[in-house]
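Report on one structure; see the data block that follows.
Read-outs: derived from the displayed coordinates by stated rules, not from any lab. As the structure is a prediction and not an experimental result, all values here were calculated from the model. For neighbour counting, all protein chains shown are included, and Cβ atoms are generated from backbone atoms with ideal geometry for every residue, glycine included.
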Amino acid sequence: MDEPGYNQSGCVNVTAIFRVNNSAYPPSETGREHFVTGFKYGINNGVLKLTLERDGNITIPPIARGCRVNKELPTPDEYLCRESNVPFNEWNEHLPFQHEDMVTFTLQITNGGYLFYIDRDAYPDNPETAPRIREDYIGRTVTRDFVVQWDLVPPYHQCVENNGLKCATSPVFTQEVTNKVRSNAFET
C-alpha cells in the first residue's frame with residue numbers, strides 16, 4: 001500500500017500554471033509614434049521547493065527544482081511549471097511520513113523582460129535609423145505556499161471508546177445558531 005501523499009516509487013507529481021493577465025500598449029517599431037520600439041515581458045523563472053517539517057523543526061534540507069528559465073523569451077501568457085516524479089529519496093532517512101509531518105509545497109515565480117527604445121531627441125528627423133537601446137526590466141517574485149499535513153491517527157470519541165454503540169451523546173456538539181437571530185445594532 002502506498003504511504004499517504006506519495007506513490008509507490010516515493011515520488012510526487014507537481015504542476016503549477018501561472019497566467020500573466022496584463023496587456024501592454026503596442027510598441028512603435030519605427031519610433032515615430034513613441035520611443036519604445038519593442039519589448040518582451042512576462043514570467044521568465046520558476047522554482048518549486050518542498051520542505052518537510054517534523055516536530056516543529058525544519059532541519060531536514062528542502063528539495064528544490066528549477067522550472068524553465070529563459071530571460072530572453074519570457075512568456076507573456078501562461079507559464080507551466082511541471083515537475084514529474086520529484087523523488088523523496090533526499091529524505092529517505094526521514095521516511096515514511098509520520099503523524100503531524102507537514103510538507104510545504106512552495107511555488108515561486110519571477111517576471112521580467114526587456115524593452116528596446118530610441119533616443120528621439122538625438123534623432124528627431126529620422127528615428128528609423130536610430131540605434132535601439134536595450135533596457136532590462138527588474139521583475140518581481142511571487143511566492144505561493146501549499147501545506148499538506150499527515151494525520152495518521154484514527155479519530156475517536158471518548159464516549160464511544162468507553163460505551164461502544166451504547167453511547168447516548170453526539171460525538172460533536174455545537175450550539176444551534178441558524179435559527180437564533182440577534183441584532184442590537186440599532187437598539188438605543
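Quick rundown of the values:
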read-out	value
J(HN,Hα) series, region 107-116, from Karplus relation 6.51 cos²θ - 1.76 cosθ + 1.60, nearest Hz, glycine and proline x	10, 10, 10, 10, 9, x, x, 7, 9, 10
Sorted by Cβ density within 10 Å, fewest first, the residues 107, 80	80, 107
Inter-site label distance for residue 149 and residue 136 at 7 Å from Cα along Cβ, in nm	4.1 nm
Residue order, fewest to most surrounding Cβ atoms within 10 angstrom, among 67, 159	159, 67
Residues with amide H under 5 Å from that of residue 39, placed H, sequence gap 5 or more	116
Residue order, fewest to most beta carbons within 10 Å, for 153, 20	153, 20
Three semi-axes of the equivalent ellipsoid, region 11-154, Cα gyration tensor, whole Å, largest first	47, 12, 11
Karplus-derived HN-Hα couplings along region 94-101 (A = 6.51, B = -1.76, C = 1.60, θ = phi - 60°), whole Hz, x at Gly and Pro	9, 9, x, 4, 10, 4, 6, 4
